[in-house]
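The values are calculated or read from the model by the stated rules, or taken from the named source; none is laboratory data. Since the structure is predicted, the reported quantities are computational estimates derived from the model, not experimental observations. Counting neighbours? That spans all protein chains shown, and the Cβs are built from the backbone with ideal geometry, glycine included.
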Amino acid sequence: MTNDGLRSYVRRSTPATRRAYEKLSVLGDWSARRRCARAGAALAAEAAMRVDDTRGYLVMPPAGDPLVEQVVARTRRIFEQRGGDSDGLLSRVDYLRRLPLDDDDLSFDSPFLRFGLARPLLAAAASYLGTLPLFANVWVWHSPNDELGAESGRINTRRFHLDYEGSRQLKLFVFAEDVDEESGPMCLLDAATSERVVSETGYKLGTTLDDRTVEAYAPAGVTALCGAAGTVALVDTSRCLHFGSRPGTRARLVWGAQYLSPFSLPYGRGWPKGSLSQAVTEGLDPLVATVLGRSPPPR
């Protein structure tokens, strides 16, 4: 089986198989893994905010951070300018629409990169992931929440599921508008409860669980991630069973980004890793260059 074929198989296997794959896949890249772990530990020592391991998520209400306010403003402007252009959407489902971003949105002057690459967030990600994180993706998501919509062959993310990319990851969200239970919010189980449900149901990646099955194993129910515009959330969508964008009376507009281990499932051996590595320019802070996937930390 080729490496691509193996990764494809793991994407549809159990979370335990994914963990085993990640451990074995770094054997040929052990030096880079040690350097990332060492750099990650140094960065994690600075962490003022931490994602609790048993919960797997952290929600922070608006605190008047000017950079967060800039992220909110730019996300709203992108929706105003591009949200009505259905031909330009990057998503394949109607109920969760990924809006296109341009070069300015992904420049180092943009609040998106300035916020996502802020040292306190990188430190929190390093602490949780146990390694130097990769800043892997940036998105603007809009959920109309007006109807069930078609699935277009993709996993139904309106049902309980885990994301596949790694045994751990953190997705960073900023609410661009107020989110309540009528806005189709992300709803989740904490990581410890999710692990038990996954074990007892034999859940496999790339599949979903219905509400009745989950309620049988987790009668305490889910947590809905709600809050005012400017709320910031860090969520491990690889460990916390979750769903979102169910029909409601209001739409949801969210900016998002993703922190992954450099040795997660989407990446093969070697560097550079990920599309954002192309943004690296001469003279950039070496730590930021590594976090963007350009090269591993120095020896």
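Per this entry, T54 is not counted among residues that are surrounded by 12 or more Cβ atoms within 10 Å (Cβ to Cβ), modelled with pLDDT of 95 or more and polar (S, T, N, Q).
Against the conditions (1) farther than 30 Å from P298 by Cβ; (2) exposed (fewer than 13 other Cβ atoms within 10 Å of the Cβ), K23 satisfies every one except (1).
Take the residues of the stretch 30-87 that are among the basic types (K, R) and within 22 Å of the chain's Cα centre (by Cα): which is farthest from L134 (Cα to Cα)? Across the stretch 30-87, the extreme among qualifying residues is R76. Selection of the stretch 165-196 for residues being touching a His at 6+ places or on another chain (Cβ under 8 Å) and farther than 24 Å from V138 by Cβ yields only L189.
Residue-wise test of (1) assigned to a helix (DSSP H, G or I); (2) surrounded by 18 or more Cβ atoms within 10 Å (Cβ to Cβ); (3) modelled with pLDDT under 95; (4) touching a Pro at 6+ places or on another chain (Cβ under 6 Å).
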site: T17; (1), (2), (3), (4): yes, no, yes, no
site: C36; (1), (2), (3), (4): yes, yes, yes, yes
site: P62; (1), (2), (3), (4): no, no, no, no
site: Q70; (1), (2), (3), (4): yes, no, no, yes
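On the stretch given as the stretch 100-127, residues that are within 24 Å of R19 (Cα to Cα) and out of contact with any Lys or Arg (no Cβ under 8 Å at 6 or more places or on another chain) total 4.
Looking across the stretch 266-284 at every residue that is part of a loop (DSSP other than H, G, I, E, B) and of a type in the set (G, A, S), the one that is farthest from R158 (Cα to Cα) is identified as G283. Number of residues in the stretch 284-293 that are surrounded by fewer than 21 Cβ atoms within 10 Å (Cβ to Cβ) and within 22 Å of L101 (Cβ to Cβ) equals 3. In summary, Y164 fulfils each of the numbered conditions (1) out of contact with any Gly (no Cβ under 8 Å at 6 or more places or on another chain); (2) surrounded by fewer than 23 Cβ atoms within 10 Å (Cβ to Cβ) with the single exception of condition (1).
Considering only the stretch 75-85, I want to know if a residue exists there that is at pLDDT below 80 and either over 16 Å from N137 (Cβ atoms) or touching a Pro at 6+ places or on another chain (Cβ under 6 Å) (or both). Taking every residue of the stretch 75-85 in turn, at least one turns out to be at pLDDT below 80 and either over 16 Å from N137 (Cβ atoms) or touching a Pro at 6+ places or on another chain (Cβ under 6 Å) (or both). Of all residues in the stretch 216-265, those satisfying the criterion of being assigned to a loop (DSSP other than H, G, I, E, B), of a type in the set (G, A, S) and either at negative phi or in contact with a strand residue (DSSP E or B) (Cβ under 7 Å, 6 or more places away or on another chain) (or both) are A218, A220, A228, A229, G230, S238, G244, S245, G248, A251, S261, S264. Confirm whether R299 is over 27 Å from D102 (Cβ atoms), touching a helix residue (DSSP H, G or I) at 6+ places or on another chain (Cβ under 6 Å) and at pLDDT below 90. Taking the combined requirement at face value, the residue does not satisfy it.
Screening the stretch 236-260 for residues that are buried (at least 20 other Cβ atoms within 10 Å of the Cβ) and of a type in the set (A, V, I, L, M, F, W, C) and picking the one that is nearest to the chain's Cα centre (by Cα) gives A257.
Residues checked against (1) among the β-branched types (V, I, T); (2) surrounded by fewer than 17 Cβ atoms within 10 Å (Cβ to Cβ); (3) within 30 Å of E69 (Cα to Cα); (4) under 18 Å from the mean Cα position of the chain (by Cα):
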site: D210; (1), (2), (3), (4): no, yes, no, no
site: V222; (1), (2), (3), (4): yes, no, yes, no
site: L234; (1), (2), (3), (4): no, no, yes, yes
site: P262; (1), (2), (3), (4): no, no, yes, yes
site: P266; (1), (2), (3), (4): no, yes, no, yes
site: E282; (1), (2), (3), (4): no, yes, yes, no
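Residues in the stretch 181-203: is at least one over 26 Å from G248 (Cα atoms), in a loop (DSSP other than H, G, I, E, B) and touching a residue at least 60 places away in the same chain (Cβ under 8 Å)? Yes, the stretch 181-203 has at least one match. Taken over the stretch 248-276, residues that are in contact with an Asp or Glu (Cβ under 6 Å, 6 or more places away or on another chain) and farther than 23 Å from A118 by Cα amount to 6.
Here G130 qualifies as within 22 Å of T17 (Cβ to Cβ) and among the small types (G, A, S).
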